[in-house]
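Scroll down for the structure; my scribbles are underneath it.
The values are calculated or read from the model by the stated rules, or taken from the named source; none is laboratory data. Since the model is a prediction, treat every value here as computed from it, not as a measurement. A quick note on method: Cβ atoms are made from the backbone with ideal geometry, for glycine too, and the neighbour counts reach across all protein chains shown. Side chains are part of the model used for accessible areas, which takes the heavy atoms of the whole protein and leaves out ligands, DNA and RNA. Shrake-Rupley method; radii C 1.70, N 1.55, O 1.52, S 1.80 Å.
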Amino acid sequence: MSAPLPLALPAGSTGALAVAFAIGVGFGWCLERAGLGSARKLMGQFHLTDLAVFKVMFSAIVTAMLGMFWLSRFGVVDLSRVYVPETFVGPQLAGGVVFGAGMALAGLCPGTSCVAAATGRVDGVAVVLGFFSGILTTGLALPAIGRFYGSGARGGVTLDSALDTSQGAMILVIVTIAMAGFVASDLIERRTARSIAEVEP
């Protein structure tokens with residue numbers, strides 16, 4: 001069947017849930033192996049001492065992007081059947097600010113906090129409880145903020161459609177940016193390490 005794996009399985013079926021569970025476990029294992037269950041490692045991103053978060057996440061994005069692109073070219077995946085989340089400009093900008101502030105304060109994001117909690121870290125448990133509290137609060141407040149919550153709808157927007165270019169050209173641009181970003185991140189880490197070494201007695 002020429003379709004993404006989840007589409008080849010009935011939604012909510014045992015098979016689909018098993019696949020989702022296996023992917024989740026695999027993703028969590030990769031995050032932990034990369035050290036991203038530690039708030040100290042994530043905070044290194046903001047201090048420019050350890051850019052592992054950027055490297056791991058950007059690598060994952062590029063890998064998934066190239067995988068989907070070539071699988072579609074070989075007829076394994078039908079990209080027209082892949083759901084693209086809708087864009088809501090104002091609400092998502094506000095959500096990004098809240099998310100960024102929370103990550104800067106906690107040193108963890110939802111995914112890494114689950115990994116931290118699963119490995120017994122108290123800060124991970126606290127962050128998990130915090131974002132579940134935020135979800136509950138938002139749900140309770142939805143009648144009051146419903147108009148803003150649904151404002152700025154733009155539909156499913158992708159970079160290639162927004163910039164009126166082909167998927168292949170956009171992928172080439174993103175891969176080029178990623179490669180340059182990896183080189184730049186190594187240079188930044190080395191420069192920061194030298195600066196710290198010069199300051200320390």
Residue 175 versus residue 157: modelled label distance in nm, points set 7 Å from Cα along the beta carbon direction: 2.6
With the charge dipole of the chain built from beta-carbon charges (+1 for Lys and Arg, -1 for Asp and Glu) about the Cα centre, the Cα from 84, 106, 156 projecting farthest to the positive end belongs to 106
What does the highest-first list of 164-174, 104-114, 39-49, 140-150 look like by mean Cβ count within 10 Å? 104-114, 39-49, 164-174, 140-150
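Let's test the formula: R0 of 35 Å, r as the Cβ-Cβ distance of residue 60 and residue 144. What FRET efficiency results, to the nearest 0.05?
Details: r = 37 Å, r/R0 = 1.04.
The formula returns an efficiency of 0.45 here.
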If a/c stays under 1.5 just call it rounded; otherwise compare a/b with b/c (prolate if a/b is bigger, oblate if not). Do that for region 154-201, with a ≥ b ≥ c from the square roots of the Cα gyration tensor eigenvalues. prolate
Along the Cα→Cβ direction, 7 angstrom out, place labels at residue 132 and residue 93. What is the inter-label distance in nm? 3.4
Hey, if you put +1 on the Cβ of every Lys and Arg and -1 on every Asp and Glu Cβ in region 14-199, which of 71, 167, 53 ends up farthest toward the positive end of that dipole? 53
Whole percent per 10 Å bin, from 0 to the bin with the longest distance: what is P(r) over all C-alpha pairs of region 65-157? 14, 28, 29, 25, 4
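So, with +1 on the Cβ of K and R and -1 on the Cβ of D and E, and no other charges, what is the size of the charge dipole of the chain about its Cα centre, to the nearest 20 debye?
Values: 12 positive and 11 negative charges, 24 e Å.
With Lys and Arg at +1 and Asp and Glu at -1, about 120 debye.
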dims of region 112-201, Cα set, principal axes, largest to smallest, nearest Å -> 56, 46, 25
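Report the FRET efficiency, 1/(1 + (r/R0)^6), for residue 195 and residue 123, where r is their Cβ-Cβ distance and R0 is 25 Å, rounded to 0.05. Mind showing how you got there, number by number?
Numbers: r = 28 Å, r/R0 = 1.11.
The pair residue 195/residue 123 has a calculated efficiency of 0.35.
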Apply the membrane-span-like helix rule to the chain: whole DSSP H runs, Cα extent along the own long axis of at least 18 Å, mean Kyte-Doolittle hydropathy at least 0.5. List the helices found. 14-33, 52-73, 89-106, 122-149, 167-199
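At a 1.4 Å probe, what is the % contribution of carbon and sulfur to the accessible area of region 11-100?
Numbers: 4220 of 5800 Å².
Of the solvent-accessible surface of region 11-100, carbon and sulfur hold 73 percent.
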Give me, ordered by chain and number, the residues 5 or more places off residue 87 or on other chains with an amide H under 5 Å from its own placed amide H. 154, 155, 156, 157
Over the chain, average the accessible area per residue using a 1.4 Å probe and give it in Å², no decimals. 66
Please report, in Å, the Rg and the Dmax of the chain, where both are computed over Cα atoms only. 19.8, 64
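On the accessible surface of region 161-201, probed at 1.4 Å, how many percent belong to carbon and sulfur atoms? All intermediate terms of the calculation are to be shown ahead of the outcome.
Values: 1980 of 3030 Å².
That share works out to 65 percent.
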Please identify the chymotrypsin sites (Phe, Trp or Tyr not before Pro) of region 65-141 that satisfy two criteria: DSSP loop assignment and at most 11 other Cβ atoms within 10 Å. Which are they? 74, 83
